[in-house]
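These notes are about the structure you will find just below.
The values are calculated or read from the model by the stated rules, or taken from the named source; none is laboratory data. Predicted model, so just to flag it, every value in this text is computed and none were measured. Glycine also receives a Cβ, built like all others from the backbone with ideal geometry; neighbour counts cover every protein chain displayed. Side chains are part of the model used for accessible areas, which takes the heavy atoms of the whole protein and leaves out ligands, DNA and RNA. Shrake-Rupley method; radii C 1.70, N 1.55, O 1.52, S 1.80 Å.
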Amino acid sequence: MLSQYMEEFEQEPFEVGEFIERLTWRTNNELQNSEEFHPVALHDTFIQTIKDLKILQEKQQSKCERLEESLRQEKESHAKKIAKLQERHQTAIDVFGQLDEKINSVAGKIMHLGEQLENVNTPRSRSVEAQKLLNFMSEFLAAGPVIVNDIFADATRLSEAADVIQKLYAISQDLPPGNFAESKRKIEKKYDEVERRLIEEFATAQKSEDIERMKTLAQILSQFKGYAQCVDAYIEQSQMQPYSGKDIFIGIVPLCKHHYEIIQKVFANPQQVMSKFILNIYQLKLHQYAMTKLEDKKDEEKYLRTLYELYSRTLKLSTDLQIYMSTIDDDLLQKLTQQIFMKHLAGYAEMETKCLTAKCSTELEKFYASKKHQKTATTKGFRRNMEVLIATRANINIAAIEDYGGETFLSEELAINMLQEAKASLKRCRLLSNETELPGNAIKLNDILLRFLMHEHVDYALELGLQAVPLAEGRVFPQLYFFDVVQKTNIIVHLLDKLCHTSVIPCVSNTPKYSDYVFKKRILMEQIETKLDQGLDRSISAVIGWVKVYLQYEQKKTDYKPETDVDTISSAACLQVVQSLQPVIVQIKKCVDGENLQNVLTEFGTRLHRVIYDHLQTMQFNTAGAMCAICDVNEYRKCIRELDSPLVTQLFDILHALCNLLLVKPQNLQEVCTGDTLNYLDKSVVRQFIQLRTDFRIIKNTNYLKGIIE
């Protein structure tokens, strides 16, 4: 049982409650009748288990004491071993210190000995070197041709020959020119020969990309006067191959990056060499490339696009290559760029304005040619005014209105083409104009755009549109095309505003030219708005005038004063007017936008109300006719709901209430007049409507009108 207890105690986690439960369960299972409760058996089992656990505890305690004793002994043994190791470590430290002192002492003696040897050897080496140079010098001082020494003939000893001839050349510069002229000439000749061989050797190493050999030769050549030729040879050979086919810009940055890494390894002054490397690209390669691309100026548009592309790509190239330039040459690339394009930038502004003028003029000519229209001077304003005056006074139409078959002579496509051309010109202007000339150049381009797009196109179309508006009070329903002119004009103006905000204003903001730009644009917009207002006014007048004339001639007196009982329906004249007005309202809402739309609809509704009000004032109404009038007014109210104008709705509601005065019984007139709708109206207005009743003479002297007609 003790082993079984140990197995249970070693389980993780150990629960005392579960252990007692298992003990109880085993005891019950061992009894024959396990369904009954046996407290005595459980008591005996618990007593026995407690005894077993005490025995187990004693055994475990004894085992723990033995293990603790063993641990203590092992601890003492390790402590003794550590103490011995510490003693040996201290001894080793002492020995190492003594050895370090001896090494330092020996090193000091060796350094002293080396200095003594150097002091002895240096004069000797110098003497040997001087003797060697004297031997070479003697060969050059001797009369006759120079005997070629092995050192100068052996290609493998080129570095040694370079060292010798460089020193001989330096010595020869101090010799007097008289007696030693021939010797100096011989030395210079050999000097040039060795220098040339070094440069050739450097070029050969460059072809094979032998960096170490190039570095060695560059270091030797740095002592020669022809070192610059070595740098030039490296640059020339590096840039000999085409960069990237026809497009030179693609390959320049990778080329510079590749050779910058080589230059840093080979040359002692990499920044100066790299600056010269890039300088050569700009002055020779880029300059020649730009001149070739820009030599043809016959096609001005192509020339300007090419100039913009080359200049912008050169500026980007300068930005990309700036990391390879020294801080001293911060603005060098900018100056080089200006030198390349100076001649072309000087005449840029004049060519740009000329090109934009030609493009806009061509676009206009093509547009009017497609419409088979010959532009004429728009000087018919006075003539039209006279026609209106004569038609109004004499009630005749002396001339037919030319409406060009509904053609507005406005083109969004044409406007977009002009705006795109202007946008491209302004984009080039921002890049190619210098800071002082930019505002003036931008204003010139904007003036060209305004001249052709707004004055010669939009303003001309507005003049034609104004002349095409039918005269007011015609008997034929007017064909209105000016609303389409308004719609297209609004679209073009919105497109122009967008271009101005993105392309013009950034060029002139915070400059004196900005006020000039704002003034010109304000004057232009006021002119356009004035003509739009004039055209809208004429168009509304034409429609309302037709309504007036139509009702005058087509509305029968018997509509509102029938002699017999008739069905209560709207009059034919009213229905025709409503049917004709509905498309006009739809057209207005389609073509006019913003605040102008609400103003136009309100003006249209108020004028319509005045015409209908005045028309009703000319009629006499009996009871059946009053019902017809109310039906007519209801039709008008349904029509004007599309105007979405609270003022117009209120006016027609009042008109409807006034028509009720024609229908109600005489004894109810006082009540209707004091109602919410009519109470605040002037009594004269109410009185005028009551007088339109056919029974007015009968009720005039009654008390029904007391307080109304007084």
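Quick grid of which residues meet (1) open to solvent by 40 Å² or more (accessible area, probe 1.4 Å); (2) under 30 Å from Thr489 (Cα atoms); (3) modelled with pLDDT of 95 or more:
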{"residue": "Lys589", "(1), (2), (3)": "yes, yes, no"}
{"residue": "Val600", "(1), (2), (3)": "no, yes, no"}
{"residue": "Gly625", "(1), (2), (3)": "no, no, no"}
{"residue": "Ile630", "(1), (2), (3)": "no, no, no"}
| message | Checking Thr564 against (1) open to solvent by less than 10 Å² (accessible area, probe 1.4 Å); (2) in a loop (DSSP other than H, G, I, E, B): exactly one of these is not met. Which one? | response | (1)
| query | If you go through segment 632-650 one residue at a time, how many are part of a helix (DSSP H, G or I), surrounded by fewer than 17 Cβ atoms within 10 Å (Cβ to Cβ) and under 50 Å from the mean Cα position of the chain (by Cα)? | reply | 7
| In the set Gln334, Gln338, which member is of a type in the set (S, T, N, Q), at pLDDT 85 or above and within 21 Å of Pro439 (Cα to Cα)? | Gln338
| query | within 28 Å of Asn599 (Cβ to Cβ) and without any contact (Cβ under 8 Å) to a residue 60 or more places away in the chain - does that describe any residue in segment 660-671? | reply | no
| query | Given the conditions (1) assigned to a helix (DSSP H, G or I); (2) buried (at least 16 other Cβ atoms within 10 Å of the Cβ), which single one is not true for Asp653? | reply | (2)
| Looking at Gln691, is it farther than 25 Å from Asp559 by Cβ and either free of Cβ contacts under 8 Å to residues at least 40 places away in the same chain or in contact with an Asp or Glu (Cβ under 7 Å, 6 or more places away or on another chain) (or both)? | no
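Quick grid of which residues meet (1) open to solvent by 10 Å² or more (accessible area, probe 1.4 Å); (2) under 30 Å from the mean Cα position of the chain (by Cα); (3) polar (S, T, N, Q); (4) farther than 20 Å from Gly594 by Cα:
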{"residue": "Asn446", "(1), (2), (3), (4)": "no, yes, yes, yes"}
{"residue": "Arg451", "(1), (2), (3), (4)": "yes, yes, no, yes"}
{"residue": "Glu456", "(1), (2), (3), (4)": "yes, no, no, yes"}
{"residue": "Asp459", "(1), (2), (3), (4)": "yes, no, no, yes"}
{"residue": "Gln467", "(1), (2), (3), (4)": "yes, no, yes, yes"}
{"residue": "Val486", "(1), (2), (3), (4)": "no, no, no, no"}
{"residue": "Leu495", "(1), (2), (3), (4)": "yes, yes, no, no"}
{"residue": "Val508", "(1), (2), (3), (4)": "no, yes, no, yes"}
{"residue": "Lys513", "(1), (2), (3), (4)": "yes, yes, no, yes"}
| task | Collect the residues in segment 602-623 that are under 30 Å from Phe696 (Cβ atoms) and open to solvent by 60 Å² or more (accessible area, probe 1.4 Å), keeping them in residue-number order. | result | Arg610, Asp614, Thr618, Gln620, Thr623
| query | Quick one: is Ala657 in contact (Cβ under 8 Å) with a residue 60 or more places away in the chain and in the same structural domain as Ile569 (by the TED database)? | reply | no
| request: Identify, by number, the condition in (1) closer than 18 Å to Ala349 by Cα; (2) of a type outside the set (Gly, Ala, Ser); (3) in contact with a helix residue (DSSP H, G or I) (Cβ under 9 Å, 6 or more places away or on another chain); (4) surrounded by fewer than 22 Cβ atoms within 10 Å (Cβ to Cβ) that Arg428 doesn't meet. | output: (4)
| request: Would you check which residues across segment 567-587 are open to solvent by less than 40 Å² (accessible area, probe 1.4 Å) and either at pLDDT below 90 or not in a helix (DSSP H, G or I) (or both) and list them? | output: Ser570, Ser571
| Within the group Ser312, Ser318, Ser275, which residue is in contact with an Asp or Glu (Cβ under 9 Å, 6 or more places away or on another chain) and among the small types (Gly, Ala, Ser)? | Ser275
| message | Could you go through segment 619-640 and let me know if any residue there is free of Cβ contacts under 8 Å to residues at least 12 places away in the same chain and not aromatic (Phe, Trp, Tyr). | response | no
| message | Taking the criterion of being over 24 Å from Ile505 (Cβ atoms) and not in a loop (DSSP other than H, G, I, E, B), would at least one residue in segment 446-460 satisfy it? | response | yes
| Looking at this structure, is Tyr169 hydroxyl-bearing (Ser, Thr, Tyr) and modelled with pLDDT of 75 or more? | no
